[in-house]
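Worksheet for the structure shown next.
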Amino acid sequence: SQTGLLGLLGNYINEDNVDLINQALITLTEYCQGPCHDNQDAIVNHESNGIDIIIAIVLNDITPLNQKNYDLVLELKDNASKLLLAVMESRDDSTNAERILRNITPVSQLLDVGCQIYARGKQQDIESKEIENDEEVNDNTNNVAQTVGHNMYILTYQLARHNRELEMLMKHRTLNDEALSYYHKHTSEIEIIRHDRSIEPIVFPVPQLCEFLTNEKKQKVFLTCEQDEQGSKVKDFFEKFSEIFEEMKWQRKLRHQPTLYWFSSQMSLWSDIAFNFAVLINVLVAVFYPFNKGLKDLDSRASVAIWSSLLITLIAILIKPNATSIRMFFVAGILRSIYSVGLGPTLWLMGAIQVLNKGIFLVSFMGNNGTFSKSRYENLTNFQLVYHVGYIMLCILGLCAHEFFYSLLLLDVVYREDTLWNVIQCVVRNAKSVILTAVFAVIIIYLFAICGYLFIQDDFLMEVQEKPLAIDDQSVNITLNNKTDILSAIIPTINDNEYCTKDNCTNGTIIDHIRNVTQASTVLSEEEAENEQVERACDTLFMCIVTTLNKGLRNGGGIGDVLRQPSSRVSQTFSYMI
């Protein structure tokens, strides 16, 4: 301030005192932030014209330090630009901004300095790549220059609010300048509410690494952040930061593997295909199972309709692809395949496609989440990875073991739909309360079962029905050597003249005899039916507990719906005891 030649500041700044100057700038910045308007005014209006020195550090080359150690110059300009931003923080007036603009002539100087720093940082990045192929080192070198240049751009952006000429110049040059276009693309703005309820815009740089944040991850963070209390979203978000940061780093590396990156970028497509195939497979199982029943021949008109649907949907896909036309095309193709090659081969083919598609999805998921770079423990404790591996195992079981395993794939709707997932989460988060409530209910039922065993044991009479004898003509497969013995054992009430002998017994006569015996047994037991329709269900305390749990929870009116209804003429001993 004593020399009066701010352009010659470089002669007084060297490697010996640059750390002291940086510390002074950082300290002044801390004094201004908060904000503290008195300190802001003191720095801007002080008689030493210290604000002019700070502006000169931002705008001028610090030579010869600029040639010896450019990183120190960048650090100095970075701290100076932050101090200028700090003196304008949370101010309703434009006094300080106008004071800063007074020393920036022409107003394009700040933009020029930011572009120069960007260009020099890019040149250093190219030179370092020729010498060293370490990607992280290169990024760090370039990021320092980009960060400083970005602060210059944000400072210019804030000053442009108070200067129409600078605002128009920024808009014009942003369209044509690579550096300004980059800064504009990586700058965002939010609004915060101060303690006095005033709204203040905050401008901040967006790191280049954020370009590699996938839409799936954004959606997951948005939907799964804790929202139970005021401010809980921010806390939960910061707890997930390390996971998000590692995934973005992995996505940056993934760009160097084009094939894996393409599969990973289509992860939502593979997920939709898997769910649609699961629905179609289960529709076929529900309609046509068991598969041993033959299909009726397809009517000629129905065949024409299916072929027409295939052709129309194919044309629609070629003209304007959309999810509906693709689904209709697959449905028509599946129907055509069922009546051409059979239901079994069609279902097997769909199951094989499902396994293949889910395998592709699993590779995409692992590529997106950096599974290959994580430890075995991290992978085993990753719920999503375990879930998708279990999904593909169910697909394999449905293909190789039994078709009913495909039904479990429909539960994927809970994982896919956020509303259903939130319902499950509500139960899981309150699992302790739910379990304690269930334990309390079991205790109450246990106490009631003890009372029932002691006082109303004879009222636990359950109505039962015997399972009728089902006879299938195709299930009878008895050799002629033991037919007579079997009939002698199971039909002892038939007269001798009704028996068939070893020589004349056939499957038809055996079935007729069994049916006759069943009908005869039914007629003979009609008189005893009333006595055989009830059973005692509380002869032991354990039977009382099981009956109370079973019938008490299943019936709308509780255990009272199945207890014996005593006559009003019978002494109500238990009622008097109560």
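Can you tell me which residue among Phe263, Phe277 is among the aromatic types (Phe, Trp, Tyr), touching a helix residue (DSSP H, G or I) at 6+ places or on another chain (Cβ under 8 Å) and closer than 30 Å to Gln208 by Cβ?
On the way: Phe277 fails: closer than 30 Å to Gln208 by Cβ.
Exactly one of Phe263, Phe277 is among the aromatic types (Phe, Trp, Tyr), touching a helix residue (DSSP H, G or I) at 6+ places or on another chain (Cβ under 8 Å) and closer than 30 Å to Gln208 by Cβ, namely Phe263.
Pull out all pairs, ordered by first then second residue, where Cβ-Cβ is under 6 Å, the residues are six or more apart or on different chains, the first lies in the stretch 194-218 and is within 25 Å of Met152 (Cβ to Cβ), and the second is among the acidic types (Asp, Glu).
So the pair list comes out as Pro201/Glu189; Pro201/Glu191; Val203/Glu189.
Looking at the stretch 212-228, which of the residues that are among the charged types (D, E, K, R) and open to solvent by 80 Å² or more (accessible area, probe 1.4 Å) is farthest from Met267 (Cα to Cα)? Step through it out loud before you land on a result.
Filtering the stretch 212-228 for residues among the charged types (D, E, K, R) gives 216-218, 220, 226, 228.
Retained after the next criterion (residues that are open to solvent by 80 Å² or more (accessible area, probe 1.4 Å)): 218, 228.
Values: Lys218: 14, Asp228: 31 Å.
Per the criteria, the residue is Asp228.
Search the stretch 436-461 for residues that are over 29 Å from Gln533 (Cα atoms) and pair each with any residue that is surrounded by fewer than 16 Cβ atoms within 10 Å (Cβ to Cβ) when their beta-carbon atoms are under 9 Å apart and the residues are at least 6 apart or on different chains.
Here the result reads Ala441/Leu553, each pair linking the stretch 436-461 to a residue that is surrounded by fewer than 16 Cβ atoms within 10 Å (Cβ to Cβ).
Conditions (1) of a type outside the set (S, T, N, Q); (2) under 25 Å from Ala145 (Cα atoms), marked per residue:
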residue	(1), (2)
Ile26	yes, yes
Val44	yes, no
Ser48	no, no
Ile54	yes, yes
Leu59	yes, yes
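Here are some conditions: (1) within 41 Å of the chain's Cα centre (by Cα); (2) part of a helix (DSSP H, G or I); (3) at pLDDT 85 or above; (4) of a type outside the set (Ser, Thr, Tyr). Asn143 meets all but one. Which one does it not meet?
Of the numbered conditions (1) within 41 Å of the chain's Cα centre (by Cα); (2) part of a helix (DSSP H, G or I); (3) at pLDDT 85 or above; (4) of a type outside the set (Ser, Thr, Tyr), the odd one out for Asn143 is (3).
Every residue, every condition in (1) modelled with pLDDT of 90 or more; (2) small (Gly, Ala, Ser); (3) out of contact with any Pro (no Cβ under 8 Å at 6 or more places or on another chain), yes or no:
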residue: Asn22; (1), (2), (3): yes, no, yes
residue: Asn39; (1), (2), (3): yes, no, yes
residue: Lys82; (1), (2), (3): yes, no, yes
residue: Ser94; (1), (2), (3): no, yes, yes
residue: Gln124; (1), (2), (3): no, no, yes
residue: Ile131; (1), (2), (3): no, no, yes
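Please identify the pairs in which a residue from the stretch 410-421 that is closer than 16 Å to Met267 by Cα has its Cβ atom under 9 Å from the Cβ atom of a residue that is aliphatic (A, V, I, L, M), counting only partners at least 6 apart or on another chain.
If the second residue must be aliphatic (A, V, I, L, M), the pairs left are Asp412/Ala274; Asp412/Ala278.
Considering only the stretch 340-354, state which residues are part of a helix (DSSP H, G or I) and either on the phi > 0 side of the Ramachandran plot or surrounded by fewer than 18 Cβ atoms within 10 Å (Cβ to Cβ) (or both). Quick ask: steps written out before the conclusion?
As a first pass, look at the stretch 340-354 and keep what is part of a helix (DSSP H, G or I): 340-341, 343-354.
Residues satisfying the conditions are Ser340, Val341, Gly344, Pro345, Trp348, Leu349, Ala352, Ile353.
Under 9 Å by Cβ, and 6 or more places apart or on different chains, what pairs join a residue from the stretch 42-71 that is closer than 13 Å to Gly10 by Cα with one that is of a type in the set (Asp, Glu)?
Cβ pairs passing all conditions: Leu59/Asp112; Leu65/Glu15; Lys68/Glu15; Asn69/Glu15.
Are any residues in the stretch 458-488 at pLDDT below 85, surrounded by 14 or more Cβ atoms within 10 Å (Cβ to Cβ) and assigned to a helix (DSSP H, G or I), and if so, which ones?
Lys483, Thr484, Ile486, Leu487
Looking at the stretch 516-578, what helices (runs of 4 or more DSSP H) fall wholly within it and have at least 3 residues that are at pLDDT 80 or above and within 48 Å of the chain's Cα centre (by Cα)?
Per the criteria, 541-554.
When you go through (1) open to solvent by 80 Å² or more (accessible area, probe 1.4 Å); (2) under 28 Å from Glu246 (Cβ atoms); (3) at pLDDT 90 or above; (4) of a type outside the set (Phe, Trp, Tyr) one by one for Ile154, which number turns out not to apply?
It fails just one condition, (1).
The values are calculated or read from the model by the stated rules, or taken from the named source; none is laboratory data. The shown structure was predicted, so the numbers you read here are calculated from the model rather than taken from an experiment. Glycine gets a Cβ as well: all are built from the backbone with ideal geometry, and neighbour counts include every protein chain shown. Heavy atoms of the whole protein, side chains included, go into the accessibility calculation; ligands, DNA and RNA do not. Shrake-Rupley method; radii C 1.70, N 1.55, O 1.52, S 1.80 Å.
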